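The values are calculated or read from the model by the stated rules, or taken from the named source; none is laboratory data. A quick note: this is a predicted structure, and the numbers were derived from the prediction, not measured. Don't worry about glycine lacking a Cβ; one is built from the backbone with ideal geometry, like all the others, and counts go over all protein chains shown. Note: accessible area is taken over every heavy atom of the protein model, side chains too, but ligands, DNA and RNA are not part of it. Shrake-Rupley method; radii C 1.70, N 1.55, O 1.52, S 1.80 Å.
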Amino acid sequence: MSLINTNKQIVITAYSLAELQTALKNLITSETIIGLVPTMGALHEGHASLVRTAKNTSDFVIVTVFINPTQFNNPDDLSNYPKTEDKDIELLKSLDCDLVFFPQVEDIYSHDYHFPGIELGFLDQTMEGEHRPGHFLGVCQVVYRLFQLTQPQKAYFGLKDFQQVSVIRFMVNYFKLPIEIVPCETSRNNNGLALSSRNLRLTEHQKTEALVLFNTLEQAKINSKSMTPIQVKKMAEQSIKNSSLILEYVEIVEPNTLNNLQTSWSNHARMCIVAYSGDVRLIDNMEIRE
Ligand code: PAF
């Protein structure tokens, strides 16, 4: 464990379970409200905004940085996932994060950890569940373990992964965990591109091309005033197909059940899009109806 202290800013870094446990024993009381921000690193302004929200609404903020192998169904995606540990620590320092935990694989998947298993039903059969088999089980496996190790009262997740937030909420209810899930708005660059660690793998040209996602979502908002969900979805599909991106899916869903909307609108209907720029998988979503 080390205390990194520059310009009065301190972040405690723990690189093993033992270091985490020592730090928590020394710093946490039964009164402390722990806020957890689970990440896979390559931190950007989107993560920074999660940490800021956590700092404002809990007493002690833990950020975990762990590229979880069990949630990658594509081995290339796992091996290409960006790693920027030193920069991550610098950013967390500037945000006044209290502790950053870089667990080892054996800390997470230790021989005495058995994920109890969960039946996610439709949540795991639609959109990301359909296109990334096993992904959400991997996410549940790791997040459940991170909850177990850090014992947070609150956990912060970005709405860019809208379906992931639904899955985590479902898991918390399923296991009756005493943890409040705090969803945080998607951070975007000035042009509207949703911030993502995977953007590090895009050229400037690809970043410009990727704006079609944001523009399509914005147009869907306008179209939803005069068209049915099916019509809006068709227009969105066409807009992506007319671009250089390769479309994986567009869906318009009821935000609680994730049921597809076809002929009539629900409140807070969301459009979710996934498309590829080269081999980089881009995901975005937006509420298109109030
Ligand atoms: O959203 C992510 O970065 C990951 O899915 C998470 C929640 C950190 C679990 O590995």
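A few notes on this one:
- Check on residue 163, at pLDDT 95 or above and buried (at least 18 other Cβ atoms within 10 Å of the Cβ): yes
- Scanning region 46-73 for residues that are among the hydroxyl-bearing types (Ser, Thr, Tyr) and either without any contact (Cβ under 8 Å) to a residue 12 or more places away in the chain or in contact with a helix residue (DSSP H, G or I) (Cβ under 8 Å, 6 or more places away or on another chain) (or both) turns up 64, 70.
- Residue match in region 162-176 (condition: on the phi > 0 side of the Ramachandran plot and among the basic types (Lys, Arg)): yes
- Selected residue [modelled with pLDDT of 95 or more, in a loop (DSSP other than H, G, I, E, B) and either open to solvent by less than 20 Å² (accessible area, probe 1.4 Å) or of a type in the set (S, T, N, Q) (or both)] from 29, 70: 29
- Hits in region 74-98 (condition: touching a residue at least 12 places away in the same chain (Cβ under 8 Å), out of contact with any strand residue (DSSP E or B) (no Cβ under 9 Å at 6 or more places or on another chain), farther than 25 Å from residue 136 by Cα and among the charged types (D, E, K, R)): 87
- Region 46-67, subset assigned to a helix (DSSP H, G or I) and open to solvent by 40 Å² or more (accessible area, probe 1.4 Å), residue farthest from the ligand (Cβ to nearest atom): 56
- Test for residue 157: is it touching a strand residue (DSSP E or B) at 6+ places or on another chain (Cβ under 9 Å) and among the aromatic types (Phe, Trp, Tyr): yes
- Selection within region 173-203 - open to solvent by less than 20 Å² (accessible area, probe 1.4 Å) and without any contact (Cβ under 8 Å) to a residue 24 or more places away in the chain: 193
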